[in-house]
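Trainee: Just dropping this structure here.
The values are calculated or read from the model by the stated rules, or taken from the named source; none is laboratory data. Keep in mind it's a predicted model, so treat the numbers as computed, not measured. Glycine also receives a Cβ, built like all others from the backbone with ideal geometry; neighbour counts cover every protein chain displayed.
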Amino acid sequence: MRRSHALIYVALYLLAWAARLALMGEHRLHPDEALYGQWGLLIFSGRDPWLVSVPAYKPPLLPYVLSGMLALLGCHPYRPLPIGAAEWAVRLPGLVSGMVTVGLTGRLARQLYRSEAAGRAAALAVALSPFAILFSATGFLDPPMVALGLGGCVAALAGRPGWAGLLVGLSCAAKQTGLVWLPLTFFFVFARHHRNPKRPSASCLLHHLSFVIFHSIIVVGLVGVWDAVRVAQGTQSFWQTGVAGYGGLRLIWPVEVAPRLRAWAAWLPHLLGWPLLGVAVVGAVGLVIRGVRRRDWPALFDVALVGFCLLYVLVHWLWAFPVWDRYLLPLVPVMGVLTGRVVSWLLPTAALDRRHDLALAADERSRGYDRCAHNRWAKMAPVVAGLLTHRSAR
């Protein structure tokens, strides 16, 4: 990455950090934040390391992270917490996750479209997103879930399926809805395989997909073991407690269709703010029309990301999930990527990056799928090197 590009990203990170840091101490803890903090305190003090005495309805990742935050900030398990230490301990994981999400969104857009302009615009959209700013300064589970799931998508496109599976599994261990990142991760593994000009064998694709599944199952299996230990001690599974807290999972009644649609629609403008959301929505329509007419990788990515957003909203509308604003947070980085794509597609100034983008694409192609153990091209590398050496000697 050139120095000018690095400086731009540093400026974006500083802007995102300042916007989020300003809200860290503006409000006292939400009841849910205080509850998660209590779980972390029970683990940190050693009084209930398995959370048997409380009706835990979420996976265990964040409570154990919060216990580590309490230790990091020098809190004593049997003394009153210093003023403000509780808020910082509970909200610090969200702040870090929000900053990571900014960088990962830019990286994802850059990997998908091989465009620095798209990466910068996507990172800027998330850095200025009202939702992202607000929830990065909270202790809710959603920011870590989004950051980890997005990291899985980036790892899949980078040709690291093991890391992709671990990160998606950790996303599910932060919150059950982290499962939504698994289809995108599979799609990006498939895209990485088929976009490679060397086109490795089908066994290589199956090898990488199995890596994603295996590493995800490792993390989910550990969560299952943790839950089984709790159940063996006489408490209820967090899955059952969570479903009961929702009032059961069901499709909505016909009378709920219009009110829920209005309620969800009221939150959508806050995803990116009205100006950027308008750019993203209008541009997404144009990208879908382009995608129908042209069959290339950018068009496929456009249609896939738009389809993901529509399906996500449709499920939350027609399924009886509570209409809570933070449930829309996974849409922020995806809409940010679409915004970056629209900006790089429409603005004439994006042509200034064409030379760098071509070099980036060439670098991506040259690396190919070198890490694949089944790649026949990797086996031919010594032969090719020997032929080139012999020719230069002559």
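Trainee: Would you be able to say whether some residue in region 24-37 is modelled with pLDDT of 90 or more and in contact with a Pro (Cβ under 8 Å, 6 or more places away or on another chain)?
Mentor: yes
Trainee: Return the pair list, or none, for Cβ contacts closer than 7 Å from residues in region 19-32 that are among the basic types (Lys, Arg) to residues that are surrounded by 12 or more Cβ atoms within 10 Å (Cβ to Cβ) and not in a loop (DSSP other than H, G, I, E, B), at least 6 apart or on different chains.
Mentor: Arg20/Leu95; Arg20/Gly98; Arg20/Ile133; Arg20/Ser136
Trainee: Still on this structure, I have one more. Among (1) over 13 Å from the mean Cα position of the chain (by Cα); (2) surrounded by fewer than 24 Cβ atoms within 10 Å (Cβ to Cβ); (3) on the phi < 0 side of the Ramachandran plot; (4) modelled with pLDDT under 95, where does Phe186 come up short?
Mentor: (4)
Trainee: Got a sec? Which of Arg160, Arg250, Arg192 is more than 24 Å from Leu318 (Cβ to Cβ), out of contact with any helix residue (DSSP H, G or I) (no Cβ under 7 Å at 6 or more places or on another chain) and either in contact (Cβ under 8 Å) with a residue 60 or more places away in the chain or surrounded by fewer than 18 Cβ atoms within 10 Å (Cβ to Cβ) (or both)? Let's see the steps before the verdict.
Mentor: Numbers: Arg250 fails: more than 24 Å from Leu318 (Cβ to Cβ); Arg192 fails: out of contact with any helix residue (DSSP H, G or I) (no Cβ under 7 Å at 6 or more places or on another chain).
Matching residue, one of Arg160, Arg250, Arg192: Arg160.
Trainee: May I pose another question? Answer yes or no as to whether Thr101 is of a type in the set (S, T, N, Q), crowded, with 24+ Cβ neighbours inside 10 Å and under 16 Å from Leu170 (Cβ atoms).
Mentor: Here the answer is yes, as Thr101 does meet what is asked.
Trainee: Right, another one. Pairs, please: C-beta under 8 Å, at least 6 apart or cross-chain, first residue under 13 Å from Glu87 (Cβ atoms) and in region 137-149, second part of a helix (DSSP H, G or I) and among the β-branched types (Val, Ile, Thr)?
Mentor: Close Cβ pairs (under 8 Å, with a partner that is part of a helix (DSSP H, G or I) and among the β-branched types (Val, Ile, Thr)) amount to Gly139/Val90.
Quick grid of which residues meet (1) surrounded by fewer than 19 Cβ atoms within 10 Å (Cβ to Cβ); (2) charged (D, E, K, R); (3) in contact with a Lys or Arg (Cβ under 8 Å, 6 or more places away or on another chain); (4) under 25 Å from Gly84 (Cβ atoms):
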{"site": "Ala16", "(1), (2), (3), (4)": "no, no, no, yes"}
{"site": "Arg28", "(1), (2), (3), (4)": "yes, yes, no, yes"}
{"site": "Glu33", "(1), (2), (3), (4)": "no, yes, yes, yes"}
{"site": "Trp39", "(1), (2), (3), (4)": "no, no, no, yes"}
{"site": "Ser45", "(1), (2), (3), (4)": "yes, no, no, yes"}
{"site": "Pro49", "(1), (2), (3), (4)": "yes, no, no, no"}
{"site": "Val54", "(1), (2), (3), (4)": "yes, no, no, yes"}
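Trainee: Does Leu272 satisfy being modelled with pLDDT of 95 or more and within 24 Å of the chain's Cα centre (by Cα)?
Mentor: Working: modelled with pLDDT of 95 or more: no; within 24 Å of the chain's Cα centre (by Cα): yes.
So Leu272 fails the test.
Trainee: If you go through region 72-96 one residue at a time, how many are modelled with pLDDT under 85, crowded, with 17+ Cβ neighbours inside 10 Å and touching a Lys or Arg at 6+ places or on another chain (Cβ under 9 Å)?
Mentor: 1
Trainee: Of all residues in region 316-334, count the ones that are in a helix (DSSP H, G or I) and closer than 15 Å to Asp142 by Cβ. Quick ask: steps written out before the conclusion?
Mentor: Taking region 316-334 first, the residues in a helix (DSSP H, G or I) are 316-318, 325-328, 331-334.
In the following step, the residues that additionally are closer than 15 Å to Asp142 by Cβ were identified as 316, 325-328, 331-334.
Count: 9.
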